[in-house]
Amino acid sequence: MYTTPSIVFGFHGCDQSVADKILKEGQPLIPSAKSYDWLGHGIYFWEGSEARAMEWAKSKKVEKPAVVGAIIRLGNCLDLLDDKSIKHLSSAYNLLMEDFKSRGEPLPVNSVIKNDVSFRRDLDCTVVEFLHDHTRQEIIKDLKNCGNKHPSEKDVHTHPAFFDSVRGMFAEGPPLYSDAGFRAANHIQLCVVNPNCILGYFAPRKPDSKFKSF
């Protein structure tokens, strides 16, 4: 409870046409649901880094790279920089492993290794989504024990235990220097599950070159 910030700035790289729909037409960002989304399914942002979001947009070779900024309240966050959340995810992995073992099926694997880092995180996505599903089942049990015989999706989503967002540090890039423990492209990403975490969007402004930038 002492390490996770309550409100952060997130940046989403995209094509200018998408940015216009968000900023000018008020349309929502579409959650990602790929099997290799490392923080699970949801809306992805780079925390505090407009530059990395733009770099990502350019790498996708979109017609006109752009960045949408967002003010995000993390809510009940599965913060993988926090000891409690890390233990939650570790326990989920153990349960998932037993489930796959009982069915005689192999676990998904992380792949596409570059500089000893996996960029296709099928295993991690499966573990996070398993934790979400397990949490939903625990919420349903709690609601039924409290007299709600037929909990709705809204009842689950508004329960205090529902994970509104996921936050993690991605170690990326080659060592910063010889024998370094730091990587050249480390960053923090956010995966927003509850769209109401996004308090508002904005277009990042260009800094005035006559002053220092923040």
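The values are calculated or read from the model by the stated rules, or taken from the named source; none is laboratory data. Remember, it's a predicted structure, so these values are computed and weren't measured experimentally. Glycine gets a Cβ as well: all are built from the backbone with ideal geometry, and neighbour counts include every protein chain shown.
The residue that is modelled with the lowest pLDDT, among those in the stretch 97-152 that are small (Gly, Ala, Ser) and outside any helix (DSSP H, G or I), is 118. If you go through the stretch 48-85 and keep only what is more than 17 Å from residue 170 (Cα to Cα) and of a type in the set (D, E, K, R), you end up with 58, 60, 61, 63, 64, 73, 84. In the stretch 163-176, of all residues being under 15 Å from the mean Cα position of the chain (by Cα) and not charged (D, E, K, R), the one that is modelled with the lowest pLDDT corresponds to 171. The condition of being touching a residue at least 24 places away in the same chain (Cβ under 8 Å) and farther than 26 Å from residue 195 by Cβ holds for only one of 96, 107, 81, that being 96.
Among the residues here, residue 100 does not qualify as closer than 24 Å to residue 50 by Cβ and not acidic (Asp, Glu). Evaluate the following for residue 168: is it assigned to a loop (DSSP other than H, G, I, E, B) and in contact with a strand residue (DSSP E or B) (Cβ under 7 Å, 6 or more places away or on another chain)? Considered against the rule, which asks whether it is assigned to a loop (DSSP other than H, G, I, E, B) and in contact with a strand residue (DSSP E or B) (Cβ under 7 Å, 6 or more places away or on another chain), residue 168 comes out as no. Being assigned by TED's automatic domain parsing to the domain that holds residue 138 and β-branched (Val, Ile, Thr) is a condition met by at least one residue of the stretch 75-94. Against the test of being farther than 30 Å from residue 206 by Cα and aliphatic (A, V, I, L, M), the options 80, 74, 29 yield a single qualifying residue, 80. Evaluation of residue 130 against the conditions (1) surrounded by 12 or more Cβ atoms within 10 Å (Cβ to Cβ); (2) closer than 30 Å to residue 184 by Cα; (3) without any contact (Cβ under 8 Å) to a residue 40 or more places away in the chain shows that the sole unmet condition is (2). Can you say whether residue 29 is closer than 23 Å to residue 113 by Cα and crowded, with 18+ Cβ neighbours inside 10 Å, as far as the supplied structure shows? When the stated conditions are applied, residue 29 does not pass them.
Residue 139 falls short on exactly one of the conditions (1) more than 18 Å from residue 39 (Cβ to Cβ); (2) surrounded by fewer than 18 Cβ atoms within 10 Å (Cβ to Cβ), and that condition is (2). No other residue among 208, 155 is modelled with pLDDT of 95 or more, surrounded by fewer than 19 Cβ atoms within 10 Å (Cβ to Cβ), more than 16 Å from the chain's Cα centre (by Cα) and over 24 Å from residue 4 (Cβ atoms) apart from 155.
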